[in-house]
Amino acid sequence: MSSGTTDAVLLHDYLTEIEDFLSNYRDGSGRQKYRELVRRMILEDRYDIEISFIDIVNYNPKLAEEYIVKDPEAAIAKFAEAVRHIIEIEYPEHLDRIPRIVPRFRDIPLLYKIRDIRSSLISRLIAVEGIVVRATPPKQKMTEALFMHECGGEAYVPVAGDIIDKPMMCPICQRSGGSWRLIEERSRYRDFQRIVIQEKPEEMPAGRMPRSLEVDVYDVLVDAARPGDRVIVVGILKLRGGGAKRVKSLYDVFLEANNVVVSQRLLEEIDITKEDEERIRELAKDPLIRRKIIASIAPAIHGLWDLKEAIALLLFGGNQKVLQDGTKVRGDIHVLVIGDPGTAKSQLLQYVSRIAPRAIYTTGKGATAAGLTAAVIREKQSGEYYLEAGALVLADGGIACIDEIDKMRDEDRVAIHEAMEQQTISIAKAGIVARLNARTSVLAAGNPRYGRYLPSRSITENVNLPPTILSRFDLIFVIKDVPNPERDARLARHISTVHSLSEAIKPFIDIETLRKYIAFARKYVKPTLTDEARRMLENFFIEMRKKSLETPESPITITARQYEALIRLAEAHSKMALKNEVTEEDAAEAIRLMKSMLESVGIDVESGEIDIDTIMTGKPKSQREKMLIIEEIVRNLSAAEGCAKIKNIIGKTREQNIDDKFVEEALNKMRREGLIYQVKEGCFAPVA
């Protein structure tokens, strides 16, 4: 913008036109919209008023384009003056109660990406979209400094930027010299916070580092957005000053926020037109819609039907419930895939991260506890502490795909416990105590501990994951690479087709339509359980629990946690067809998937019976009983001989038909858990 244009803008007094807009603009229903908003502002004892930029464009395009965008600071001052004038005329008795008026603009039609911000936009009003990744604690920023002269005279000085200048002259003694003292308690302040917004993951160009932008927020905008929130920030682009002592040629830009609009938290980034909605509803009428959706997930990967169905259910999700006492019951579904090498686990996760309306993909090797949850970091230049959101917070309302979860360090893996069940991330570091939302489904994949999955060993022995995490997954799938002539022939034919004629492997529903279908279902479809479906689920749970009562030695087959998972799976199955009710068909499919999981990973490999403790505690009933026998033997031998020697322990356990190798492993495990300790080489005693 040339200096001549700027001068022309400044010379024109737009106050009359602004007052005309605020007084006479009428909305679709014919009411005077901004007169009503001014009245509400006074009743609610606020000092800020939101003004739609689109309303200004429709009423007076010249006012919007030539004045507000090009000279926003002057425009904001004029709008404040116009609102004060309306209050002076219509509500004069309230004028003294309002110290200042802050007009806030919204609905700026042109949204800039952080990557597209250039120097030509400096001093202009712009709107930028992104994710809040960091936020400082609220602070108080001085706006007017009160100085006292040595003669007793006082003077207020406006504070611009980070530098406070002393007054030029004392108003009492009219001297320019002498000493001045800053009176901090009587100076004027505004609430202040600095946040950092970053590009949305789905909009980032492939292979590029995410760009970020600092935003200064004031007054009621402080704490309006938390790390993880997706926001549209309307503000004036400015330069971060270099200070009076040193002149520099390179500057950083920042946004001084005029308004922060927190986007609708879930699925707002998918634009669904009326034509899209008609097509989605038409697709849902197909009786085979569920099979088509499942077949459209990673069509280049052969087979794995049950796993693809589980992923489809995870994409749609169940319903979150908020009870009357404020307790939240999660609706998100978590799925774990454990598979032999070369079974397309990573490819599946990558596909899901592309097809989900909102998703974050990360690998266990490159993920730390802070990177997954949240971190408090200190900025080198200012020394301020920031709260920075991690992957699970950024994936709020979507899906977190964690590949190679078994490669994560134990102390990092523990961090996702809270996110998976409570769906929050709590952090308390460097004086920052916060709880962030992490309402995300977790799709994780890992390799077996011994390279390949060993059917003779339990899930906890096969996987380098603690039971505390295993028990939080609604469904666990084991993919074994077992040679089978018929299946191998189909697999080879499928891979050949993919490599030679990729266009032949087309999904029934294209990716873009499927993304919109999932977004529509998650946003608008909230199915409820019918009496028939509820009875079917209840009867399955009760029958499974009855098996635990058949004999005193019977293991527990299912717990309340799996029952909640059944309800979530049934709701998601209903959502796939955009139904408003969960029927017996949905309940039956949820039961089938749950039984399939229990029969593959919830089996006690020694007894061959379903024992949910294999997943929940890592110790099936048969193992737990043997460990109790070993602990009792150690206790008795140490009471008689001072400590229990290994050869004596093995001698006693052989009488109970307990395998020698199991005894050695059990002793090591009991020692790690603090149940026994080693008195001397090869001799143990109980801790208490």
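A few points about this structure:
- Scalar couplings 3J(HN,Hα) for the range 295-304, obtained by applying the Karplus form with A = 6.51, B = -1.76, C = 1.60 to θ = phi - 60°, are 5, 7, 7, 6, x, 6, 9, 7, x, 6 Hz; x denotes Gly and Pro.
- Here is how the number arises for the chain: DSSP H runs of 4 or more residues each give -39500 (n - 2.57), the sum is divided by the residue count, and the result at 222 nm is -11000 deg cm²/dmol.
- Percent RCO, i.e. relative contact order, over the range 42-190, from Cα pairs under 8 Å lying at least 6 residues apart: 20
- Full extension of the segment from SER596 to GLN678, taken as 0.36 nm per residue of separation minus the current Cα-Cα distance, would add 25.3 nm.
- Its Cα centre serving as origin, the chain has a Cβ charge dipole (Lys and Arg +1, Asp and Glu -1) of approximately 1300 debye.
- Karplus (6.51, -1.76, 1.60) ³J(HN,Hα), θ = phi - 60°, over the range 385-396, in Hz, Gly and Pro reported as x: 8, 10, 9, 10, 7, x, 4, 5, 6, 5, 8, 3
- Loop-located GluC sites (Glu not before Pro) in the range 29-76 whose Cβ has at most 16 other Cβ within 10 Å (DSSP): GLU44
- The gain in end-to-end length when the ARG452 to ASN539 segment is fully stretched comes to 27.6 nm, 0.36 nm per residue minus the alpha carbon separation.
- Straight Cα distances below 16 angstrom link LYS429 to the aspartates and glutamates GLU379, GLU384, GLU388, with same-chain residues fewer than 8 positions distant left out.
- Whichever aspartates and glutamates have a C-alpha closer than 17 Å to that of LYS579, once near sequence neighbours (fewer than 8 apart) are set aside: GLU277, GLU278, GLU282, ASP286, ASP531, GLU532, GLU571, GLU589
- Extending 7 Å from the Cα toward the beta-carbon at both THR143 and LEU491 defines two label points whose distance is 6.8 nm.
- Note on GLU36 and ARG100: their simple-model spin labels are 3.0 nm apart, each label 7 Å out from Cα toward Cβ.
- Cross-link partners for LYS328 among the lysines, with Cα-Cα distance under 20 Å and sequence neighbours closer than 8 places in the same chain left out: LYS523, LYS526.
- Cross-link table LYS645/LYS669; LYS33/LYS78; LYS141/LYS238; LYS33/LYS139; LYS200/LYS516, entries beyond 26 Å C-alpha to C-alpha: LYS33/LYS139
- The chain - percent relative contact order, Cα under 8 Å, separation 6 or more: 10
- Separation of the CYS173 and GLU256 label points, Cα + 7 Å toward Cβ, nm: 3.4
- Scanning the chain for chymotrypsin sites (Phe, Trp or Tyr not before Pro) that sit in a DSSP loop and have at most 15 other Cβ atoms within 10 Å, the longest stretch containing none of them is 1-250.
- Note, ³J(HN,Hα) from phi for the range 326-342, Karplus 6.51, -1.76, 1.60, rounded to Hz, x at Gly and Pro: x, 5, 10, 10, 5, x, 6, 9, 10, 10, 10, 10, 10, x, 4, x, x
- Compared with the direct C-alpha span, the chain from GLU50 to ARG211 gains 55.1 nm at full extension, assuming 0.36 nm per residue.
- Net charge, ILE297 excluded, C-beta distance under 13 Å - Lys, Arg +1, Asp, Glu -1: +3
Here, each number is a calculation from the coordinates, and none is a lab measurement. All figures in this text were calculated on a predicted structure; none of them were measured in a lab. All Cβ positions, glycine included, derive from the backbone under ideal geometry; neighbour counts span all protein chains shown.
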